[in-house]
Amino acid sequence: IKSHPIQMEYNYNDTKYIFNLIDTPGHVDFTYEVSRSMAACEGALLLIDSTQGIEAQTVSNVYLAMDANLEIIPILNKIDMKNANIEETQVQVSELLGITDKEIFSISAKSGKGVSDLFDIIIDKIPHPEGNTDTDILKALIFDSYFDQYRGVVVYVKVVSGKITKDMNVSFFKFSGNCEILEVGILKLNKVASDELNQGDVGYVILSIKDV
């Protein structure tokens, strides 16, 4: 089980927005992985199964999101199921977050009910990434990585300032020496290579090293 980042485009009021979404494991055993992902985000969609209500991992992840100062949007899913207990789950969420029922959103991922409205809410409530626009110095947060036996180390990054381009050399806080960047790109259903990643972008970087 791993987190899955993906980028999508969405048009809202004649403006094109880019969403960088990270689907994280919900189970409490993956707390460290979830906290790493949250460090790369501005907001969190707290997805709650309305047939089960709030569980232990829900509470754990809420506290992680609060510690990361994220804008939290609570969402009840599976509202079309016969055994959905919407009212009781709303009460649980209200008590957990200290909010009113009107601030809790309901959807059915199966039928699509309420999903399009949710995208508008994301744009209205979650702030865009901020960084230092006055510097060209590259700073990026690595929130996940793995080793590809054919290409080398692949890291998922959020660019805080500057830009990352193919063939440039970079240095790390915890890696001795420099290394060359073999490829950069964005994450869709597959990796899509691009010329560069700029401030605020989330994507992947393939490095000329073999040690994750």
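The values are calculated or read from the model by the stated rules, or taken from the named source; none is laboratory data. Since we're looking at a predicted model, the values are computed, not measured. Here Cβ is always computed from backbone atoms with ideal geometry, including for glycine, and neighbour counts include all displayed protein chains. For accessibility, only protein heavy atoms count, side chains too; no ligands or nucleic acids. Shrake-Rupley method; radii C 1.70, N 1.55, O 1.52, S 1.80 Å.
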Compactness index (Cα Rg / 2.2 N^0.38 Å), the range 63-207: 1.38
Can you list residues from other chains, or at least 5 along the same chain, whose modelled amide H is less than 5 Å from the amide H of Ser145? Tyr156
Provide the descending list of Cα extents for the range 24-126 along its principal axes, expressed in whole angstroms. 35, 29, 26
Dipole magnitude of the chain, debye to nearest 20 (Cβ charges: Lys/Arg +1, Asp/Glu -1, about Cα centre): 560
Can you tell which of Ile72, Ala193, Gly114 lies farthest toward the positive end of the dipole of the chain, using +1 and -1 charges on the Cβ of basic and acidic side chains (Lys, Arg; Asp, Glu)? Ala193
Work out the length of the dipole vector of the range 96-183 about its Cα centre, built from +1 on the beta-carbon of each Lys and Arg and -1 on the beta-carbon of each Asp and Glu, and round it to the nearest 20 debye. 220
Point-to-point label distance, Arg151-Asp49, nm (Cα→Cβ direction, 7 Å offset): 3.4
At R0 = 30 Å, FRET efficiency that the Cβ-Cβ distance of Asn85 and Val115 yields, to 0.05: 0.90
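Rank by packing, highest mean first: peptides 140-146, 119-125, with packing defined as the count of other Cβ atoms within 10 Å averaged across residues.
140-146, 119-125
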The range 125-169 shape via C-alpha gyration tensor axes, a/c threshold 1.5: oblate
Between the range 113-169 and the range 31-73, what is the separation of their alpha carbon centroids in Å? 19
Provide the per residue accessible area, probe 1.4 Å, for the chain, rounded to a whole number of square angstrom. 60
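For a protection proxy built on the mean count of beta-carbon atoms within 10 angstrom, sort 70-77, 181-188 highest first, please.
Descending packing order for the listed peptides: 70-77, 181-188.
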With a Förster distance of 30 angstrom and the Cβ-Cβ distance between Tyr63 and Tyr12, calculated FRET efficiency to the nearest 0.05 equals 0.45
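Restricting to DSSP H runs of at least four residues, report the calculated mean residue ellipticity at 222 nm for the chain, -39500 (n - 2.57) per run over all residues, nearest 500 deg cm²/dmol.
That comes out to -6500 deg cm²/dmol.
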So how do Glu9, Glu180, Glu33 rank on accessible area, 1.4 Å probe, biggest first, that is with the largest at the start? Glu9, Glu180, Glu33
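If the only charges are +1 at each Lys and Arg Cβ and -1 at each Asp and Glu Cβ, what is the size of the charge dipole of the range 74-123 around the Cα centre, to the nearest 20 debye?
For the range 74-123, the charge dipole is close to 260 debye.
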Would you work out which of Gln149, Tyr17, Thr31 lies farthest towards the positive end of the dipole of the range 1-158, given +1 charges on the beta-carbon of Lys and Arg and -1 on that of Asp and Glu, about the Cα centre? Gln149
Percent carbon-and-sulfur accessible area, the range 1-134, ignoring ligands, DNA and RNA, probe 1.4 Å: 49
